[in-house]
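Taking it in order: structure first as structure tokens, then the write-up.
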Amino acid sequence: MVKIKVGTATCGNAAGAQKTLEKLETLIQGQSDISLSQTGCIGLCYREPIIELEINGTKFLYGDVDETNAEKIYKTHIKDNKPITELLINQSNQHYSFEKQNRIVLKNAGVINPEIIEEYIAVGGYEGLKKALQITKEEVIATVKDSGLRGRGGAGFSTGMKWEFAKNSVNDKKYVICNADEGDPGAFMDRSVLEGDPHSVIEGMMICGYAIGANEGYIYCRAEYPLAIARLKNAIAQAEKKGIVGKNIFGSTFCFDIHIKEGAGAFVCGEETALMGSIEGKRGMPRLRPPFPAVSGLWAKPTNINNVETLASVGWILSNGACAYNKIGTEKSKGTKVFALAGKIKNGGLVEVEMGIPLKEVIFGIGGGIKNDKKFKAVQMGGPSGGCIPASLIDTPVDYESITATGAIVGSGGMVVLDEDSCMVDVARYFVNFTQTESCGKCTFCRIGTKRMLEILTRITEGKGVEEDIDSLIDLANKVKDSSLCGLGQTAPNPILTTIKYFKDEYIAHIRDKKCPAGVCKELITFNITDACIGCTACKKACPTKAISGEVKKLHVIDQSLCVKCGACYNTCKFKAITK
Amino acid sequence: MQKKGIDLTVLNQLIGEYKDNKGALIPLLQKAQEHYGYLPELVMSEVAKALNMSSADVYGVATFYKQFRFNPMGKYVIKVCHGTACHVAGVNILDTMFDQVLKIKAGETTEDGLFTILSVACLGCCSLAPVIMINDETYGHLNTDKLVKIIDSYRAKEGK
């Protein structure tokens, strides 16, 4: 018996998984001893498209499976029983980079078919909900509290306490909201969970609904995730059909309905009060708290709002008990956290690690180190609200308190690795540009302060910075932090403050020497071709503005008046003949 | 029923379907845009009437969200990812290339109505950076060479 699973999450599809799937479908047509199914993201994005082949119980994980390789695997491995070692990621059930991981939230992603509810149930799905319904609401909340689970959306507030507040609010109508508006650039944890294991999120929402006394829930998912929305809709429909969502669940008196709301593209809607405004059909602008959503939330009813990863952890906690969860992690940060590893890293993808693991283990152990063996410079954690942690602090344990102490935040879980070719002033400018665009405009300091900070940073990257700029930035950053209503403004200065704290010399190089040490800032670099040029013409072809001239086997020249400093030639040259 | 060259039949159906839902405005605008490709002024004022809101309120909500567009789009909408991973992978090279090949910048549409470029925050395929999406098709690990070939393939499809 041969089983083939193709990973068809967004990242897999982007790499061509649908074509691989179609190819395999044609190849195995009419063969009843070979089954083909789809699964979610297994987390090894750098080897997509990925397929898992199971032959008589032995599993083989293949990476880079495009149409050609799919046919090769079919002919050589399935038919002639000869594994193709150069494409294999592993040969057993445990992958090398999985060893340092502990998968609770991602346990089913890349394992089950997310479009078939029976597969979720077969691996113990909805057992947590069943268990919850057999105990009192107070006991459910006590279990979540004891587990030590903290909100995975970024703030890290105790989930059990949040539920308790909502439960204690007396009202005939309450709501549960799942915040799936994953907006941090460089973060895709929630997308993978929604695409690979949607039922785990539904189960978490229902347990929460039971505990706080709500019978209606909303999943607010960003419209940029069409596949996640499709899988959620399908999962809800299947659960309704099975009587798991709806009336008198598992024979109890508990009833619960779930709706999906598609976001319309506003980063600030990740903030809970803005998100609720958006569901109500208004501009998504944060409002003053208190009253907290637990007292007056969606349509002024008590509301509990949790992030995807938080809710996806709840079913496991109820099934396995609070102790099983709280023995993982550090004293204050319990359990596991999913991170999206991206940037200049070899093995980019999704990893789920126990809280407290050193950063070094994540980046160099699981992530395999820096691409092209360049020098590691920093890791940006927490997206636009986070900061840059320099190479010198690589031993920092990954938990809420230790990461916050560096000036960055654990945040939602984006980890973008930066190497020697990344300019830290440019990175700060990038994030401030992002928050400035996304500021809803309500608070003056966020609206205008971010704009002024962006102007200063832009001026520095253009070589027009002045000595006072650094102090002005710090001063303004602190004012924006103190005078903004919501998390967006309060954290927007973090990328600036951390880069100034750890990489002040780079700022000074831009301001004083008018140089960009990493060679990123366009206005401060010129590209030149050295004698090492062999005249291969590759750069000439790569140049979008036809600024390079030269004959075959002769030294090429860049016309600086035409050069737009895009760096295409630099990236193309195999002989290191282009300098900047 | 036709007003100013825009057929409102579908809109009226949608209004009938959504009008009585709580928080109907955004889903209604989303559905309307799905059909018309963008939000013409007339569509917004009709929605305002149906929901008993002022046109200004509807316009205020629509302009708050990036998803809503107020001009017709090209046949192929190119979303250029400007997420962190794409930024450090050098997506600005692609921007320069688009400028050269299509002669338009983000937010603009080519004269022949074939391409519109949109700059987006993050497409969530960070391991494939730099990434673009053309309608529903995603292209990863891009460089200038690949980009030109992709654009050419779309032009060839259209016989241009």
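The values are calculated or read from the model by the stated rules, or taken from the named source; none is laboratory data. Everything quoted here is computed from the prediction, not taken from an experiment. Using ideal geometry, Cβ is built from the backbone for each residue, glycine included, and neighbour counts are taken over all protein chains shown. Heavy atoms of the whole protein, side chains included, go into the accessibility calculation; ligands, DNA and RNA do not. Shrake-Rupley method; radii C 1.70, N 1.55, O 1.52, S 1.80 Å.
Residues that are in a helix (DSSP H, G or I), away from chain A (no Cβ under 11 Å) and β-branched (V, I, T) were ranked within the range B:124-160; the one that is least open to solvent (accessible area, probe 1.4 Å) is B:I151. Given the condition within 13 Å of chain A (Cβ to nearest Cβ), modelled with pLDDT under 90, open to solvent by 20 Å² or more (accessible area, probe 1.4 Å) and farther than 26 Å from A:L44 by Cα, answer yes or no: does some residue in the range B:81-92 qualify? Yes, that holds for at least one residue. Among the criteria (1) in contact (Cβ under 8 Å) with a residue 60 or more places away in the chain; (2) touching a helix residue (DSSP H, G or I) at 6+ places or on another chain (Cβ under 7 Å); (3) farther than 30 Å from B:L147 by Cβ, the one A:T498 does not fulfil is (2). Can you tell me which residues in the range B:76-107 are under 21 Å from A:F431 (Cα atoms) and in a helix (DSSP H, G or I)? Scanning the range B:76-107 gives B:T84, B:A85, B:C86, B:H87, B:V88, B:V91, B:N92, B:I93, B:L94, B:D95, B:T96.
Please work out which one of (1) open to solvent by 10 Å² or more (accessible area, probe 1.4 Å); (2) touching a Gly at 6+ places or on another chain (Cβ under 7 Å); (3) within 25 Å of A:K464 (Cβ to Cβ) is the condition A:H510 fails and give its number. A:H510 satisfies all of (1) open to solvent by 10 Å² or more (accessible area, probe 1.4 Å); (2) touching a Gly at 6+ places or on another chain (Cβ under 7 Å); (3) within 25 Å of A:K464 (Cβ to Cβ) except (1). Among the residues of the range A:516-536, those identified as within 14 Å of chain B (Cβ to nearest Cβ) and open to solvent by less than 20 Å² (accessible area, probe 1.4 Å) are A:C516, A:A518, A:G519, A:C521, A:I525, A:F527. Taking the range A:437-467 as the range and being in a loop (DSSP other than H, G, I, E, B) and at negative phi as the test, the residues that pass are A:S439, A:C440, A:K442, A:C443, A:E462, A:K464, A:G465, A:V466, A:E467.
Among the candidates A:S313, A:S319, the residue that is within 27 Å of A:E127 (Cα to Cα), open to solvent by 20 Å² or more (accessible area, probe 1.4 Å) and part of a helix (DSSP H, G or I) is uniquely A:S319. Within the range A:515-523, the presence of at least one residue that is β-branched (V, I, T), outside the structural domain of A:T572 (by TED's automatic domain parsing) and part of a loop (DSSP other than H, G, I, E, B) is confirmed.
Of the helices (runs of 4 or more DSSP H) lying entirely inside the range A:132-231, those containing at least 1 residues that are open to solvent by 10 Å² or more (accessible area, probe 1.4 Å), of a type outside the set (S, T, Y) and more than 14 Å from chain B (Cβ to nearest Cβ) are A:137-147, A:159-168. Going by the conditions given, is A:G265 without any contact (Cβ under 8 Å) to a residue 24 or more places away in the chain, surrounded by fewer than 24 Cβ atoms within 10 Å (Cβ to Cβ) and of a type outside the set (A, V, I, L, M)? Judged against the criteria, A:G265 is not a match. Taking the conditions (1) hydroxyl-bearing (S, T, Y); (2) in contact with a Pro (Cβ under 6 Å, 6 or more places away or on another chain); (3) within 14 Å of chain B (Cβ to nearest Cβ) in turn, A:Y46 satisfies each one other than (2). Residues in the range A:236-253: is at least one within 14 Å of another protein chain (Cβ to nearest Cβ) and either more than 28 Å from the chain's Cα centre (by Cα) or buried (at least 23 other Cβ atoms within 10 Å of the Cβ) (or both)? The answer is no, given that none of the residues of the range A:236-253 is within 14 Å of another protein chain (Cβ to nearest Cβ) and either more than 28 Å from the chain's Cα centre (by Cα) or buried (at least 23 other Cβ atoms within 10 Å of the Cβ) (or both).
The rows are residues; the columns are (1) open to solvent by 40 Å² or more (accessible area, probe 1.4 Å); (2) closer than 29 Å to A:A266 by Cβ.
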| residue | (1), (2) |
| --- | --- |
| A:F431 | no, yes |
| A:G449 | no, yes |
| A:G463 | no, no |
| A:L488 | no, yes |
| A:P493 | no, yes |
| A:K504 | yes, no |
| A:K514 | yes, no |
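Quickly run through the range A:356-407 and pick out the residues that are crowded, with 23+ Cβ neighbours inside 10 Å and among the basic types (K, R). Correct list: A:K377 only. Of all residues in the range A:100-131, those being touching a Lys or Arg at 6+ places or on another chain (Cβ under 9 Å), open to solvent by 30 Å² or more (accessible area, probe 1.4 Å), among the aliphatic types (A, V, I, L, M) and not in a helix (DSSP H, G or I) number 2.
All conditions but one from (1) more than 9 Å from chain A (Cβ to nearest Cβ); (2) modelled with pLDDT of 95 or more; (3) under 28 Å from A:G284 (Cα atoms) apply to B:F64; the one that does not is (1). Quick check on my filter: what residues within the range A:322-378 are free of Cβ contacts under 8 Å to residues at least 40 places away in the same chain and either assigned to a strand (DSSP E or B) or out of contact with any strand residue (DSSP E or B) (no Cβ under 9 Å at 6 or more places or on another chain) (or both)? Within the range A:322-378, A:A324, A:E331, A:K360, A:D373 qualify.
Quick check, is A:Y62 hydroxyl-bearing (S, T, Y), touching a Phe, Trp or Tyr at 6+ places or on another chain (Cβ under 8 Å) and in contact (Cβ under 8 Å) with a residue 12 or more places away in the chain? Against the criterion (hydroxyl-bearing (S, T, Y), touching a Phe, Trp or Tyr at 6+ places or on another chain (Cβ under 8 Å) and in contact (Cβ under 8 Å) with a residue 12 or more places away in the chain), A:Y62 does not qualify.
Based on what the data block shows, is A:M415 within 14 Å of chain B (Cβ to nearest Cβ), free of Cβ contacts under 8 Å to residues at least 40 places away in the same chain and open to solvent by less than 10 Å² (accessible area, probe 1.4 Å)? The answer is no for A:M415. In the range B:17-45, the residues that are open to solvent by 30 Å² or more (accessible area, probe 1.4 Å) reach residues that are not in a loop (DSSP other than H, G, I, E, B) and not hydrophobic (A, V, I, L, M, F, W, C) with C-beta atoms within less than 7 angstrom, at least six apart or across chains, in these pairs: B:Y18/B:P27; B:S45/B:S55.
Here A:P390 clears all of (1) closer than 26 Å to A:D373 by Cβ; (2) out of contact with any helix residue (DSSP H, G or I) (no Cβ under 6 Å at 6 or more places or on another chain) except the condition numbered (2). The sole residue among B:K66, B:K105 that is in contact with a helix residue (DSSP H, G or I) (Cβ under 7 Å, 6 or more places away or on another chain), open to solvent by 10 Å² or more (accessible area, probe 1.4 Å) and farther than 20 Å from B:E137 by Cβ is B:K105. Restrict the check to the range B:1-23 and report whether at least one residue is among the hydrophobic types (A, V, I, L, M, F, W, C) and facing chain A (nearest Cβ under 9 Å). Among the residues of the range B:1-23, not one is among the hydrophobic types (A, V, I, L, M, F, W, C) and facing chain A (nearest Cβ under 9 Å), which makes the answer no. Taking the range A:500-514 as the range and being closer than 24 Å to A:C566 by Cβ and part of a helix (DSSP H, G or I) as the test, the residues that pass are A:E506, A:A509, A:H510.
Residue pairs whose Cβ atoms lie under 6 Å apart, separated by 6 or more positions or on different chains, with the first residue in the range A:3-20 and at positive phi and not assigned by TED's automatic domain parsing to the domain that holds A:L350 and the second surrounded by 24 or more Cβ atoms within 10 Å (Cβ to Cβ) and not in a strand (DSSP E or B), are A:G16/A:P49.
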